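The values are calculated or read from the model by the stated rules, or taken from the named source; none is laboratory data. Worth saying up front: this structure is predicted, and the values here are computed from it rather than measured. Reconstructed Cβ throughout: ideal geometry from the backbone, glycine too, with neighbour counts over all protein chains shown. Heads up: the accessible areas ignore ligands, DNA and RNA and are worked out on the full protein's heavy atoms, side chains in. Shrake-Rupley method; radii C 1.70, N 1.55, O 1.52, S 1.80 Å.
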Amino acid sequence: MSAPRVVAVAPGSPAARAGLAVGDEVLAIDGQTPRDILEWRSLADEPDLGLDVRRGGLEIALEVPKRAGEPLGVEVHSALFDQVRTCDNHCEFCFIYQLPPGLRSSLYQKDDDYRLSFLYGNFTTLTRFTEADLERVITEGLSPLNVSIHATDPDVRAEMLRNRRGATSLRWLRALLDHGVTVHGQVVVCPGINDGAVLDDTMAGVLDRFPELASLCVVPLGLSRYNTEPRMRPHTTAEAAAVVDCVEDWQDVFRAVLDRRVAFAGDEYYLLAERPFPAADSYEGFAMHEDGVGMARTFELELLGAKPHATGTEAGFFAWADASAPEDPDTDFEPYRGARATPDQLLQVRPSRKAPVGILTSTYGARVVGPLIERLDRSDVRVIPVDNRFFGGTTSVTGLLVGEDLARVLAGEPEGHRYLLPDVCLSNGRFLDGTAPEDLPRPVEVLSTDGHALRTALGVPAPALTGAR
Ligand code: SF4
(Lines give C-alpha, C1' and ligand atoms only; values in the text may rest on other atoms or scores of the structure.)
Protein backbone atom coordinates (compact mmCIF):
# COMPACT_ATOMS: atom_id res chain seq x y z
CA MET A 1 0.00 0.00 0.00
CA SER A 2 1.41 3.39 -0.94
CA ALA A 3 -0.30 6.61 0.08
CA PRO A 4 -1.57 8.72 -2.81
CA ARG A 5 1.11 11.30 -3.59
CA VAL A 6 0.07 14.67 -4.96
CA VAL A 7 1.59 15.37 -8.38
CA ALA A 8 -0.42 18.48 -9.28
CA VAL A 9 -2.76 20.93 -7.59
CA ALA A 10 -5.20 22.98 -9.64
CA PRO A 11 -4.77 26.71 -8.97
CA GLY A 12 -7.72 28.19 -7.07
CA SER A 13 -9.11 24.75 -6.18
CA PRO A 14 -10.17 23.76 -2.64
CA ALA A 15 -6.89 21.80 -2.33
CA ALA A 16 -4.83 24.83 -3.35
CA ARG A 17 -6.70 27.11 -0.96
CA ALA A 18 -6.10 24.65 1.86
CA GLY A 19 -2.36 24.59 1.14
CA LEU A 20 -2.00 21.08 -0.26
CA ALA A 21 1.26 20.90 -2.21
CA VAL A 22 2.93 18.73 -4.83
CA GLY A 23 4.82 15.93 -3.06
CA ASP A 24 2.36 15.70 -0.16
CA GLU A 25 1.18 12.18 0.65
CA VAL A 26 -2.47 11.96 1.62
CA LEU A 27 -2.64 9.35 4.37
CA ALA A 28 -6.37 9.64 5.00
CA ILE A 29 -9.45 11.60 3.99
CA ASP A 30 -11.84 12.09 6.89
CA GLY A 31 -10.01 9.32 8.71
CA GLN A 32 -10.28 6.78 5.90
CA THR A 33 -7.41 5.48 3.79
CA PRO A 34 -8.43 5.11 0.13
CA ARG A 35 -7.31 1.89 -1.59
CA ASP A 36 -7.60 3.33 -5.06
CA ILE A 37 -8.76 6.31 -7.07
CA LEU A 38 -12.32 5.04 -6.94
CA GLU A 39 -12.43 5.26 -3.15
CA TRP A 40 -10.47 8.52 -3.34
CA ARG A 41 -13.13 10.00 -5.57
CA SER A 42 -15.92 8.83 -3.30
CA LEU A 43 -14.26 10.28 -0.19
CA ALA A 44 -13.16 13.50 -1.87
CA ASP A 45 -16.68 14.09 -3.13
CA GLU A 46 -17.88 14.91 0.38
CA PRO A 47 -18.07 18.50 1.68
CA ASP A 48 -15.46 20.00 4.04
CA LEU A 49 -12.71 17.41 4.20
CA GLY A 50 -10.13 16.67 6.88
CA LEU A 51 -6.90 15.41 5.34
CA ASP A 52 -4.06 13.62 7.15
CA VAL A 53 -0.99 14.55 5.14
CA ARG A 54 2.65 13.50 5.29
CA ARG A 55 4.98 16.28 4.18
CA GLY A 56 8.75 15.99 4.38
CA GLY A 57 8.49 13.23 7.00
CA LEU A 58 6.06 15.18 9.19
CA GLU A 59 2.40 14.38 9.55
CA ILE A 60 0.06 17.36 9.42
CA ALA A 61 -3.70 17.84 9.36
CA LEU A 62 -5.35 20.04 6.76
CA GLU A 63 -8.93 21.26 6.73
CA VAL A 64 -10.32 21.66 3.23
CA PRO A 65 -13.53 23.68 3.01
CA LYS A 66 -15.48 22.67 -0.10
CA ARG A 67 -18.95 21.93 -1.37
CA ALA A 68 -20.27 18.40 -1.85
CA GLY A 69 -19.37 17.22 -5.34
CA GLU A 70 -16.88 20.03 -5.89
CA PRO A 71 -13.60 18.64 -7.32
CA LEU A 72 -10.81 18.69 -4.76
CA GLY A 73 -8.41 19.82 -7.48
CA VAL A 74 -5.63 17.29 -6.98
CA GLU A 75 -3.84 14.83 -9.23
CA VAL A 76 -2.28 11.88 -7.47
CA HIS A 77 0.47 9.57 -8.63
CA SER A 78 -1.47 6.40 -9.27
CA ALA A 79 -4.94 4.96 -9.83
CA LEU A 80 -4.26 2.12 -7.38
CA PHE A 81 -2.71 2.71 -3.98
CA ASP A 82 -2.71 -0.96 -3.02
CA GLN A 83 -1.30 -3.74 -5.17
CA VAL A 84 -2.60 -4.22 -8.67
CA ARG A 85 -4.13 -7.68 -8.90
CA THR A 86 -1.86 -9.62 -11.19
CA CYS A 87 -2.97 -12.31 -13.59
CA ASP A 88 -2.47 -15.95 -12.64
CA ASN A 89 -3.06 -17.26 -16.17
CA HIS A 90 -0.37 -18.32 -18.61
CA CYS A 91 -2.03 -17.92 -21.97
CA GLU A 92 -0.03 -19.25 -24.90
CA PHE A 93 -1.03 -16.19 -26.92
CA CYS A 94 -0.15 -13.62 -24.23
CA PHE A 95 1.67 -10.74 -25.91
CA ILE A 96 3.46 -9.84 -22.69
CA TYR A 97 5.44 -13.09 -22.96
CA GLN A 98 6.36 -12.03 -26.48
CA LEU A 99 7.86 -8.65 -25.59
CA PRO A 100 11.53 -8.07 -26.24
CA PRO A 101 13.70 -7.67 -23.14
CA GLY A 102 14.72 -4.27 -21.85
CA LEU A 103 11.43 -2.36 -22.12
CA ARG A 104 10.10 -0.33 -19.20
CA SER A 105 9.02 -2.62 -16.42
CA SER A 106 5.37 -1.53 -16.45
CA LEU A 107 4.95 -3.15 -19.87
CA TYR A 108 5.69 -6.60 -18.41
CA GLN A 109 2.93 -6.24 -15.81
CA LYS A 110 0.28 -8.92 -16.27
CA ASP A 111 -2.78 -7.42 -14.61
CA ASP A 112 -6.15 -9.03 -14.12
CA ASP A 113 -7.84 -6.40 -12.00
CA TYR A 114 -11.50 -5.51 -12.47
CA ARG A 115 -10.73 -1.95 -11.32
CA LEU A 116 -8.42 -1.48 -14.31
CA SER A 117 -11.14 -2.91 -16.49
CA PHE A 118 -13.51 -0.21 -15.28
CA LEU A 119 -10.92 2.58 -15.32
CA TYR A 120 -9.07 1.84 -18.55
CA GLY A 121 -11.01 -0.82 -20.42
CA ASN A 122 -8.45 -3.56 -19.70
CA PHE A 123 -9.83 -7.06 -20.11
CA THR A 124 -10.19 -9.31 -17.09
CA THR A 125 -10.58 -13.09 -17.19
CA LEU A 126 -12.31 -13.09 -13.76
CA THR A 127 -10.12 -16.01 -12.61
CA ARG A 128 -9.19 -13.99 -9.51
CA PHE A 129 -12.57 -12.37 -9.02
CA THR A 130 -14.21 -12.84 -5.61
CA GLU A 131 -17.55 -12.38 -3.89
CA ALA A 132 -16.19 -9.20 -2.28
CA ASP A 133 -15.25 -7.88 -5.73
CA LEU A 134 -18.74 -8.56 -7.00
CA GLU A 135 -20.21 -6.69 -4.07
CA ARG A 136 -17.96 -3.72 -4.72
CA VAL A 137 -18.73 -3.66 -8.44
CA ILE A 138 -22.44 -3.63 -7.67
CA THR A 139 -22.46 -1.17 -4.79
CA GLU A 140 -20.10 1.30 -6.48
CA GLY A 141 -21.65 0.87 -9.93
CA LEU A 142 -18.38 -0.09 -11.62
CA SER A 143 -19.89 -0.55 -15.04
CA PRO A 144 -19.03 -1.19 -17.84
CA LEU A 145 -16.42 -3.92 -17.49
CA ASN A 146 -14.50 -5.81 -20.17
CA VAL A 147 -14.20 -9.59 -19.84
CA SER A 148 -12.01 -11.99 -21.80
CA ILE A 149 -14.12 -14.96 -22.81
CA HIS A 150 -12.04 -16.71 -25.53
CA ALA A 151 -14.26 -19.83 -25.33
CA THR A 152 -17.39 -20.72 -23.40
CA ASP A 153 -16.45 -24.40 -23.34
CA PRO A 154 -14.95 -24.82 -19.84
CA ASP A 155 -12.18 -27.18 -20.92
CA VAL A 156 -11.11 -25.09 -23.89
CA ARG A 157 -11.12 -21.93 -21.79
CA ALA A 158 -9.07 -23.52 -19.02
CA GLU A 159 -6.63 -24.83 -21.62
CA MET A 160 -6.32 -21.43 -23.29
CA LEU A 161 -5.73 -19.62 -20.01
CA ARG A 162 -3.62 -22.53 -18.73
CA ASN A 163 -5.48 -22.14 -15.48
CA ARG A 164 -8.05 -24.60 -14.19
CA ARG A 165 -10.09 -21.72 -12.76
CA GLY A 166 -10.64 -20.64 -16.35
CA ALA A 167 -13.18 -23.45 -16.55
CA THR A 168 -15.41 -21.95 -13.87
CA SER A 169 -14.71 -18.23 -13.68
CA LEU A 170 -17.32 -17.30 -16.28
CA ARG A 171 -19.84 -17.87 -13.48
CA TRP A 172 -18.81 -14.40 -12.38
CA LEU A 173 -19.77 -13.07 -15.79
CA ARG A 174 -23.23 -14.52 -15.24
CA ALA A 175 -23.36 -12.89 -11.80
CA LEU A 176 -22.29 -9.49 -13.19
CA LEU A 177 -24.97 -9.65 -15.87
CA ASP A 178 -27.55 -10.76 -13.29
CA HIS A 179 -26.85 -7.56 -11.39
CA GLY A 180 -27.21 -5.35 -14.42
CA VAL A 181 -23.52 -4.64 -14.96
CA THR A 182 -22.73 -3.79 -18.58
CA VAL A 183 -20.07 -6.16 -19.88
CA HIS A 184 -18.21 -6.17 -23.17
CA GLY A 185 -16.58 -9.47 -24.08
CA GLN A 186 -13.57 -10.44 -26.11
CA VAL A 187 -12.48 -13.55 -27.94
CA VAL A 188 -8.83 -13.74 -28.97
CA VAL A 189 -8.77 -16.35 -31.71
CA CYS A 190 -5.82 -18.70 -32.03
CA PRO A 191 -6.05 -20.73 -35.24
CA GLY A 192 -6.44 -24.44 -34.61
CA ILE A 193 -7.37 -23.82 -30.96
CA ASN A 194 -10.57 -21.80 -30.65
CA ASP A 195 -11.62 -21.06 -34.22
CA GLY A 196 -13.83 -23.31 -36.37
CA ALA A 197 -16.29 -25.41 -34.38
CA VAL A 198 -15.03 -23.98 -31.07
CA LEU A 199 -15.82 -20.43 -32.19
CA ASP A 200 -19.26 -21.56 -33.30
CA ASP A 201 -19.76 -23.17 -29.92
CA THR A 202 -18.62 -19.97 -28.18
CA MET A 203 -21.16 -17.90 -30.12
CA ALA A 204 -23.86 -20.39 -29.19
CA GLY A 205 -22.67 -20.28 -25.59
CA VAL A 206 -22.91 -16.48 -25.51
CA LEU A 207 -26.42 -16.56 -26.93
CA ASP A 208 -27.49 -19.28 -24.53
CA ARG A 209 -25.75 -18.26 -21.30
CA PHE A 210 -24.82 -14.58 -21.65
CA PRO A 211 -27.38 -12.95 -23.96
CA GLU A 212 -27.16 -9.67 -22.01
CA LEU A 213 -23.53 -9.22 -23.09
CA ALA A 214 -23.31 -5.70 -24.53
CA SER A 215 -20.91 -6.72 -27.31
CA LEU A 216 -18.30 -9.31 -28.17
CA CYS A 217 -15.22 -8.43 -30.17
CA VAL A 218 -13.42 -11.20 -31.99
CA VAL A 219 -9.77 -10.42 -32.66
CA PRO A 220 -6.79 -12.43 -33.91
CA LEU A 221 -3.88 -13.26 -31.65
CA GLY A 222 -0.81 -11.07 -31.99
CA LEU A 223 2.52 -12.73 -32.62
CA SER A 224 5.91 -11.09 -32.23
CA ARG A 225 9.20 -12.60 -33.31
CA TYR A 226 9.80 -13.42 -29.64
CA ASN A 227 6.98 -15.99 -29.55
CA THR A 228 8.21 -19.30 -28.14
CA GLU A 229 4.88 -21.14 -28.07
CA PRO A 230 4.96 -23.79 -30.81
CA ARG A 231 1.16 -23.99 -31.18
CA MET A 232 0.79 -20.26 -31.77
CA ARG A 233 0.93 -19.30 -35.44
CA PRO A 234 -0.57 -16.66 -37.76
CA HIS A 235 -3.90 -17.15 -39.48
CA THR A 236 -3.94 -18.12 -43.12
CA THR A 237 -6.13 -15.94 -45.34
CA ALA A 238 -8.70 -18.76 -45.49
CA GLU A 239 -8.74 -19.13 -41.69
CA ALA A 240 -9.26 -15.38 -41.27
CA ALA A 241 -12.08 -15.46 -43.83
CA ALA A 242 -13.69 -18.36 -41.96
CA VAL A 243 -13.65 -16.33 -38.73
CA VAL A 244 -15.27 -13.37 -40.51
CA ASP A 245 -17.91 -15.68 -41.99
CA CYS A 246 -18.59 -17.26 -38.60
CA VAL A 247 -19.01 -13.87 -36.90
CA GLU A 248 -21.22 -12.51 -39.67
CA ASP A 249 -23.39 -15.66 -39.69
CA TRP A 250 -23.85 -15.37 -35.97
CA GLN A 251 -24.69 -11.67 -36.30
CA ASP A 252 -27.75 -12.81 -38.25
CA VAL A 253 -28.69 -15.23 -35.48
CA PHE A 254 -28.17 -12.63 -32.75
CA ARG A 255 -30.23 -10.11 -34.71
CA ALA A 256 -33.04 -12.59 -35.13
CA VAL A 257 -33.11 -13.45 -31.43
CA LEU A 258 -31.87 -10.31 -29.66
CA ASP A 259 -32.42 -7.65 -32.32
CA ARG A 260 -28.74 -6.64 -32.29
CA ARG A 261 -25.56 -8.04 -33.77
CA VAL A 262 -23.65 -8.53 -30.46
CA ALA A 263 -20.48 -10.01 -32.08
CA PHE A 264 -18.07 -8.06 -34.26
CA ALA A 265 -14.85 -9.11 -35.95
CA GLY A 266 -11.93 -6.73 -35.44
CA ASP A 267 -10.71 -4.63 -38.39
CA GLU A 268 -7.56 -6.73 -38.51
CA TYR A 269 -9.63 -9.74 -39.55
CA TYR A 270 -10.97 -7.97 -42.62
CA LEU A 271 -7.41 -7.04 -43.61
CA LEU A 272 -6.20 -10.61 -43.00
CA ALA A 273 -9.14 -12.03 -44.95
CA GLU A 274 -8.69 -9.45 -47.71
CA ARG A 275 -12.33 -8.47 -47.40
CA PRO A 276 -13.87 -4.98 -47.43
CA PHE A 277 -14.82 -3.56 -44.06
CA PRO A 278 -18.50 -3.78 -43.12
CA ALA A 279 -20.68 -0.70 -43.59
CA ALA A 280 -20.40 1.87 -40.80
CA ASP A 281 -23.97 1.42 -39.59
CA SER A 282 -23.45 -2.31 -39.09
CA TYR A 283 -21.15 -1.55 -36.15
CA GLU A 284 -24.18 -0.41 -34.12
CA GLY A 285 -22.50 2.56 -32.45
CA PHE A 286 -18.89 1.33 -32.42
CA ALA A 287 -19.03 0.03 -28.83
CA MET A 288 -15.60 -1.61 -29.15
CA HIS A 289 -13.86 1.05 -31.23
CA GLU A 290 -11.00 1.25 -28.73
CA ASP A 291 -10.39 -2.45 -29.28
CA GLY A 292 -9.92 -2.12 -33.03
CA VAL A 293 -13.47 -2.84 -34.12
CA GLY A 294 -14.73 -0.39 -36.74
CA MET A 295 -11.76 1.98 -36.57
CA ALA A 296 -11.26 1.91 -40.34
CA ARG A 297 -14.83 2.99 -40.95
CA THR A 298 -14.80 5.78 -38.34
CA PHE A 299 -11.51 7.03 -39.76
CA GLU A 300 -13.07 7.20 -43.21
CA LEU A 301 -16.16 9.03 -41.92
CA GLU A 302 -14.01 11.51 -40.01
CA LEU A 303 -11.71 12.20 -42.94
CA LEU A 304 -14.77 12.67 -45.12
CA GLY A 305 -16.26 15.14 -42.71
CA ALA A 306 -19.34 12.93 -42.35
CA LYS A 307 -18.89 12.50 -38.62
CA PRO A 308 -19.10 15.62 -36.46
CA HIS A 309 -16.83 14.35 -33.68
CA ALA A 310 -13.75 12.16 -33.67
CA THR A 311 -14.37 8.71 -32.19
CA GLY A 312 -11.69 8.73 -29.54
CA THR A 313 -11.28 7.32 -26.08
CA GLU A 314 -14.71 7.30 -24.57
CA ALA A 315 -15.32 9.87 -21.86
CA GLY A 316 -15.61 7.81 -18.73
CA PHE A 317 -14.25 7.77 -15.26
CA PHE A 318 -11.50 10.28 -15.87
CA ALA A 319 -13.97 12.84 -17.11
CA TRP A 320 -14.94 13.32 -13.49
CA ALA A 321 -12.15 11.82 -11.37
CA ASP A 322 -9.55 14.01 -9.81
CA ALA A 323 -7.52 14.14 -12.98
CA SER A 324 -4.88 11.82 -14.30
CA ALA A 325 -1.15 11.64 -14.01
CA PRO A 326 1.63 10.42 -16.26
CA GLU A 327 3.61 7.27 -15.66
CA ASP A 328 5.21 7.30 -12.28
CA PRO A 329 8.96 6.75 -12.59
CA ASP A 330 9.14 5.61 -8.96
CA THR A 331 6.83 2.65 -9.32
CA ASP A 332 6.73 -0.42 -11.50
CA PHE A 333 3.15 0.11 -12.46
CA GLU A 334 1.96 2.57 -15.06
CA PRO A 335 -0.75 4.11 -12.98
CA TYR A 336 -3.03 6.06 -15.24
CA ARG A 337 -3.56 5.95 -18.92
CA GLY A 338 -1.66 9.15 -19.52
CA ALA A 339 -1.81 11.33 -22.56
CA ARG A 340 -0.37 9.90 -25.75
CA ALA A 341 1.65 12.89 -26.91
CA THR A 342 2.80 15.79 -24.81
CA PRO A 343 1.26 19.20 -25.59
CA ASP A 344 4.61 20.34 -27.03
CA GLN A 345 4.71 17.44 -29.44
CA LEU A 346 1.15 17.96 -30.61
CA LEU A 347 1.96 21.55 -31.51
CA GLN A 348 4.99 20.69 -33.60
CA VAL A 349 4.72 21.95 -37.16
CA ARG A 350 8.25 22.50 -38.32
CA PRO A 351 8.60 22.32 -42.11
CA SER A 352 6.54 24.50 -44.41
CA ARG A 353 2.84 23.68 -44.52
CA LYS A 354 3.16 23.82 -48.30
CA ALA A 355 5.78 21.05 -48.33
CA PRO A 356 4.91 17.57 -49.63
CA VAL A 357 3.34 15.44 -46.92
CA GLY A 358 4.30 11.94 -45.80
CA ILE A 359 1.83 10.13 -43.52
CA LEU A 360 3.71 7.69 -41.30
CA THR A 361 1.73 4.61 -40.41
CA SER A 362 2.01 0.86 -39.93
CA THR A 363 1.64 -1.65 -42.74
CA TYR A 364 -1.98 -2.28 -41.68
CA GLY A 365 -2.58 1.45 -41.27
CA ALA A 366 -1.33 2.00 -44.82
CA ARG A 367 -3.93 -0.44 -46.12
CA VAL A 368 -6.64 1.64 -44.46
CA VAL A 369 -5.33 5.17 -45.05
CA GLY A 370 -3.75 4.55 -48.48
CA PRO A 371 -7.01 4.01 -50.42
CA LEU A 372 -8.56 7.05 -48.72
CA ILE A 373 -5.65 9.28 -49.71
CA GLU A 374 -5.92 8.01 -53.28
CA ARG A 375 -9.50 9.21 -53.33
CA LEU A 376 -8.35 12.67 -52.26
CA ASP A 377 -6.41 12.95 -55.52
CA ARG A 378 -3.61 14.83 -53.78
CA SER A 379 -0.28 14.31 -55.52
CA ASP A 380 1.47 16.12 -52.66
CA VAL A 381 0.41 13.54 -50.06
CA ARG A 382 1.86 10.06 -49.75
CA VAL A 383 1.50 7.27 -47.20
CA ILE A 384 4.72 5.87 -45.76
CA PRO A 385 4.24 2.35 -44.37
CA VAL A 386 6.65 1.45 -41.59
CA ASP A 387 7.20 -2.26 -41.09
CA ASN A 388 7.62 -3.30 -37.50
CA ARG A 389 10.98 -5.04 -37.15
CA PHE A 390 11.24 -4.20 -33.46
CA PHE A 391 8.46 -6.62 -32.51
CA GLY A 392 8.46 -8.53 -35.80
CA GLY A 393 6.15 -11.48 -36.34
CA THR A 394 2.68 -10.38 -37.38
CA THR A 395 2.92 -7.06 -35.54
CA SER A 396 1.40 -4.65 -38.04
CA VAL A 397 -0.78 -2.23 -36.09
CA THR A 398 0.08 1.45 -35.74
CA GLY A 399 -0.16 1.47 -31.95
CA LEU A 400 2.94 -0.73 -31.72
CA LEU A 401 5.19 1.35 -34.01
CA VAL A 402 8.42 2.31 -32.26
CA GLY A 403 11.01 5.02 -32.77
CA GLU A 404 13.68 2.59 -33.96
CA ASP A 405 11.61 1.51 -36.98
CA LEU A 406 10.37 5.02 -37.70
CA ALA A 407 13.94 6.34 -37.61
CA ARG A 408 15.11 3.69 -40.08
CA VAL A 409 12.36 4.57 -42.55
CA LEU A 410 12.56 8.34 -42.07
CA ALA A 411 16.31 8.35 -42.66
CA GLY A 412 15.58 7.34 -46.25
CA GLU A 413 12.99 10.09 -46.76
CA PRO A 414 13.82 13.60 -48.04
CA GLU A 415 14.36 16.53 -45.69
CA GLY A 416 11.97 19.49 -45.72
CA HIS A 417 8.78 17.45 -46.14
CA ARG A 418 5.98 17.38 -43.58
CA TYR A 419 5.86 14.04 -41.79
CA LEU A 420 2.63 13.28 -39.94
CA LEU A 421 2.73 10.79 -37.07
CA PRO A 422 -0.40 9.41 -35.35
CA ASP A 423 -0.19 9.77 -31.58
CA VAL A 424 -1.48 6.23 -30.94
CA CYS A 425 2.10 4.93 -30.94
CA LEU A 426 3.05 7.27 -28.08
CA SER A 427 2.47 7.04 -24.37
CA ASN A 428 3.31 10.16 -22.43
CA GLY A 429 5.34 11.35 -25.38
CA ARG A 430 7.47 8.19 -25.79
CA PHE A 431 7.42 5.19 -28.07
CA LEU A 432 7.36 1.71 -26.56
CA ASP A 433 11.12 1.40 -27.16
CA GLY A 434 11.70 4.43 -24.92
CA THR A 435 12.64 6.85 -27.69
CA ALA A 436 10.67 10.01 -28.47
CA PRO A 437 9.61 11.84 -31.65
CA GLU A 438 12.38 14.35 -30.92
CA ASP A 439 14.93 11.57 -31.49
CA LEU A 440 13.79 10.90 -35.07
CA PRO A 441 16.04 12.00 -37.96
CA ARG A 442 13.27 14.19 -39.47
CA PRO A 443 10.91 16.50 -37.61
CA VAL A 444 7.41 15.06 -37.34
CA GLU A 445 4.01 16.57 -36.65
CA VAL A 446 2.21 14.45 -34.08
CA LEU A 447 -1.54 14.23 -34.70
CA SER A 448 -4.46 12.71 -32.86
CA THR A 449 -5.15 9.32 -34.39
CA ASP A 450 -8.41 10.10 -36.10
CA GLY A 451 -9.66 11.22 -39.47
CA HIS A 452 -10.61 14.67 -38.21
CA ALA A 453 -7.04 15.49 -37.24
CA LEU A 454 -5.69 14.22 -40.56
CA ARG A 455 -8.32 16.17 -42.45
CA THR A 456 -7.32 19.35 -40.65
CA ALA A 457 -3.59 18.70 -41.15
CA LEU A 458 -4.09 18.17 -44.88
CA GLY A 459 -6.50 21.08 -45.25
CA VAL A 460 -9.11 18.81 -46.80
CA PRO A 461 -12.28 20.73 -47.60
CA ALA A 462 -15.51 18.92 -46.71
CA PRO A 463 -16.98 17.09 -48.41
CA ALA A 464 -13.84 16.07 -50.27
CA LEU A 465 -14.64 12.42 -50.67
CA THR A 466 -17.64 10.59 -51.84
CA GLY A 467 -18.92 7.14 -51.33
CA ALA A 468 -18.40 6.63 -47.59
CA ARG A 469 -20.19 3.47 -46.68
S1 SF4 B 1 -4.89 -13.23 -19.06
FE2 SF4 B 1 -3.94 -11.65 -20.31
S3 SF4 B 1 -2.14 -10.99 -19.15
FE4 SF4 B 1 -2.79 -12.95 -18.30
S5 SF4 B 1 -1.54 -14.49 -19.37
FE6 SF4 B 1 -3.49 -14.29 -20.47
S7 SF4 B 1 -3.14 -12.77 -22.07
FE8 SF4 B 1 -1.45 -12.59 -20.57
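Summary table below
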{"item": "Rounded percent of accessible protein surface that carbon and sulfur make up, the chain, 1.4 Å probe", "result": "52"}
{"item": "Mean separation of Cα contacts under 8 Å (6+ apart) over length of the chain, as relative contact order %", "result": "12"}
{"item": "3J(HN,Hα) from dihedral phi, region 225-232, Karplus parametrisation 6.51/-1.76/1.60, rounded to Hz, x for glycine, proline", "result": "6, 9, 4, 10, 8, x, 7, 8"}
{"item": "Nearest-20 debye value, the chain charge dipole, Cβ charges on Lys, Arg, Asp, Glu", "result": "1040"}
{"item": "Separation of the Glu229 and Glu70 label points, Cα + 7 Å toward Cβ, nm", "result": "5.2"}
{"item": "Potential extension, Ala21-Met1 segment - 0.36 nm per residue separation minus Cα distance", "result": "5.1 nm"}
{"item": "Solvent-accessible area per residue, Å², over region 371-443 with all protein chains present [probe radius 1.4 Å]", "result": "41"}
{"item": "Nitroxide proxy distance, nm - points 7 Å out along Cα→Cβ at Arg35 and Asp155", "result": "3.7"}
{"item": "Of all DSSP beta bridges in the chain, antiparallel share, percent nearest 5", "result": "40"}
{"item": "Shape call, the chain: gyration tensor on alpha carbons, a/c limit 1.5", "result": "oblate"}
{"item": "All lysines inside 27 Å of Lys307 as judged from Cα atoms, apart from same-chain residues fewer than 8 positions distant", "result": "Lys354"}
{"item": "Free-standing Cys, the chain [no other Cys Cβ under 4.7 Å]", "result": "Cys87, Cys190, Cys217, Cys246, Cys425"}
{"item": "For Arg104, residues with placed amide H under 5 Å, excluding near neighbours", "result": "none"}
{"item": "Structure-based [θ]222 nm, the chain - -39500 (n - 2.57) summed over DSSP H runs of at least 4, per residue, nearest 500", "result": "-8000 deg cm²/dmol"}
{"item": "Amide proton proximity set for Val383, modelled H, under 5 Å, gap of 5+", "result": "Ile359"}
{"item": "Point-to-point label distance, Ala132-Glu413, nm (Cα→Cβ direction, 7 Å offset)", "result": "5.2"}
{"item": "Built amide H within the under 5 Å cut-off of Leu49, gap 5+", "result": "Val64, Lys66"}
